[in-house]
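The values are calculated or read from the model by the stated rules, or taken from the named source; none is laboratory data. Keep in mind that this is a model prediction, so the values were computed, not measured. Cβ: placed from backbone, ideal geometry, glycine included. Neighbour counts: every protein chain shown. Quick note on the areas: whole protein, heavy atoms, side chains included, nothing else; ligands and nucleic acids left out. Shrake-Rupley method; radii C 1.70, N 1.55, O 1.52, S 1.80 Å.
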Amino acid sequence: MSRYHRGRRAGSPTNPAGPVYGVISTLDDATPSPADFARCSSLEAKKSELSLFLNWGVPQKNMEISSKLRNRSWLVDVLAIFFGIGTWLGVNGTFIQLPLLVDEAPEGWSLPSYLSVMVQIGNLGPLLYTAIQKYSPKKLNDGWTIHGVLLVGAISCLLTAFFYNQTALVAGTDHSLALFLLTCFTALNACTSSVLFMPYMGRFKEQYMVTYFIGEGLSGLLPSVTALIQGIGESGDCVLVNVTESGEEVYELQKTPPRFDTRVFFLILFALMVLAYVGYALLNSLPLAKREYAQVTVSEGNKYVYGEADNQQEAEKLSKGQYTYLLLLIGAISLFSNGMFGSIQSYSSAPYGAQAYHLAATLSVIANPVACFMAMFLHFTSLRIITVLSILAGLLTSYVFTTAALSPLPPLHDQTVGAVLVVTAWTLLVGIVSYTKLGITTVMRAQGGQSLVWVGAITQLGSAIGAVAIFFAINYSDLFQAAESNC
């Protein structure tokens, strides 16, 4: 059980910074062991850090996992997942629907480039939020702000369902103006979630950050599954359409019409956004959820101070160099994972065939929530493991970038082993990146202060730099060449 209280800053008669929220946890609350935050394997000299991480033959660790599973509210887990779904659902859904959108859009296959720019305009949301919280004498209430952001995301999905194909003349050229504007508002919800939703989850016990990230992963998986049911991604059939005078047969690739149209797809996304809103509303109001708060004091501006019983913060304080290193690392990871991977995946995997491309796209999306789910049982906060995983992700990134740059004739493009390698590389890459980002976020959460706000801000900065860089690389250079789909 926990007690939730609101009061003035301790030791001062007044609190000019605004209300302070705190949750005082009793002995019933599950808290991580100090060993969970060890940065080296000094506790057991005969066991490598990797063996501790994999938890082979360690009954004590099994007992800790069992304790974590018992000392949690599964309802709060479910609500945190619903809340996480409302992060990037709209943006992911828009890009997943591109194979149908480009058929109606006057921009054709240039549409993804325009939408990428619209998504970056959504970064005005976190910039505005941060500026208000830092410089305005009246601070935003995070609870009500999240309500507003989720409503913007839900309404954007609803309006997109009815106006996605409405065009207008801009500088004498026909453009999908309605889709552009609505994508900006959808991106506003997604980008602002990094500096608002994730810090909000910092007031809960550490294990609920994991389930929130599972929900964030599902924000990509659920639209993908919906698109698969819709029929997007089916390779189609080569149909004989003509025979020349010389007897040469001419085939044309004809795809099966989707089972339901784009309007129904975005209405499904709207329903999922409503589910995310309901999940947050319950998470923010239910007494059961508030009992799962950590021992933490939260002041305005999302400044967190954790008690000694929560994560042993004082004993595991990062040095300034380590703190900066993790921020730079998650910025670099986000630059590639959020900013570039989505744009180069087709160049990297499509030369190996339609099946390889769709498997790489589908399995990589599945890898995100699966990696976060694994973190519930294979939990780590070791800087050494984070570094090793980051190096491994860097090697895989080099491979997929090489295959993309050499498109349409990358290595082994005409062999089955090449398709297997590229699908495996993409799946492992996204899974490792998701796992590493969660590990970094968990470590930064334990530092208190505005660490989670910084993580969100650096994540968005890296994503924006990556998206702009890859936009110019694809559209204004000959670095990437698309593979043609022929019969």
Checklist entry - Would it be correct to say that Ile465 is more than 16 Å from the chain's Cα centre (by Cα), under 22 Å from Val119 (Cα atoms) and either assigned by the TED database to the domain that holds Thr87 or buried (at least 22 other Cβ atoms within 10 Å of the Cβ) (or both)? => result no
Next on the checklist: Regarding region 185-194, can at least one residue be identified that is touching a His at 6+ places or on another chain (Cβ under 7 Å) and not basic (Lys, Arg)?
Outcome noted: no
Checklist entry - Restricting attention to region 88-95, does a residue exist that is over 22 Å from Val278 (Cβ atoms) and either assigned to a helix (DSSP H, G or I) or not β-branched (Val, Ile, Thr) (or both)? => result yes
Item to check | Subset of region 206-225 (residues that are open to solvent by 10 Å² or more (accessible area, probe 1.4 Å) and either of a type in the set (S, T, N, Q) or touching a strand residue (DSSP E or B) at 6+ places or on another chain (Cβ under 9 Å) (or both)) | outcome: Gln207, Ser224
Checklist entry - Across region 137-173, which residue is most open to solvent (accessible area, probe 1.4 Å) among those that are of a type outside the set (A, V, I, L, M, F, W, C) and within 23 Å of Leu98 (Cβ to Cβ)? => result Gln166
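If you check Pro126 against the conditions, is it touching a Ser or Thr at 6+ places or on another chain (Cβ under 7 Å), within 30 Å of Tyr293 (Cα to Cα) and not small (Gly, Ala, Ser)? Before the answer, list the steps.
Numbers: touching a Ser or Thr at 6+ places or on another chain (Cβ under 7 Å): yes; within 30 Å of Tyr293 (Cα to Cα): yes; not small (Gly, Ala, Ser): yes.
Judged against the criteria, Pro126 is a match.
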Item to check | Unique match (being modelled with pLDDT under 90, under 20 Å from Ser116 (Cα atoms), of a type in the set (Ser, Thr, Tyr) and surrounded by 21 or more Cβ atoms within 10 Å (Cβ to Cβ)) among Ser194, Ser176 | outcome: Ser194
Item to check | Residue check, Ala315 at pLDDT 75 or above and small (Gly, Ala, Ser) | outcome: no
Next on the checklist: Any residue at all in region 420-428 that's under 18 Å from the mean Cα position of the chain (by Cα) and open to solvent by 40 Å² or more (accessible area, probe 1.4 Å)?
Outcome noted: yes
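Is it true that Ile432 is touching a residue at least 24 places away in the same chain (Cβ under 8 Å), open to solvent by less than 30 Å² (accessible area, probe 1.4 Å), assigned by the TED database to the domain that holds Thr387 and part of a helix (DSSP H, G or I)?
Yes: the conditions hold for Ile432.
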Next on the checklist: Take the conditions outside any loop (DSSP other than H, G, I, E, B) and either open to solvent by 20 Å² or more (accessible area, probe 1.4 Å) or free of Cβ contacts under 8 Å to residues at least 24 places away in the same chain (or both) and apply them to Phe266. Does it pass?
Outcome noted: no
Next on the checklist: Ser451 - would you say it is at pLDDT below 90, of a type in the set (S, T, N, Q), open to solvent by 20 Å² or more (accessible area, probe 1.4 Å) and over 20 Å from Ala361 (Cα atoms)?
Outcome noted: no
Checklist outcome for this item: If you go through Gln460, Gln481, the only one that is part of a helix (DSSP H, G or I) and either polar (S, T, N, Q) or more than 15 Å from the chain's Cα centre (by Cα) (or both) is Gln460
Next on the checklist: Going by what's in this entry, would Thr397 be described as buried (at least 18 other Cβ atoms within 10 Å of the Cβ), at pLDDT 90 or above, touching a Pro at 6+ places or on another chain (Cβ under 8 Å) and assigned to a helix (DSSP H, G or I)?
Outcome noted: no
Item to check | In region 400-418, the residues that are open to solvent by 10 Å² or more (accessible area, probe 1.4 Å), in a helix (DSSP H, G or I) and out of contact with any Leu (no Cβ under 8 Å at 6 or more places or on another chain) | outcome: Phe401, Thr402, Thr416, Val417
Checklist entry - among the polar types (S, T, N, Q), part of a helix (DSSP H, G or I) and outside the structural domain of Thr87 (by the TED database): does that describe Thr427? => result yes
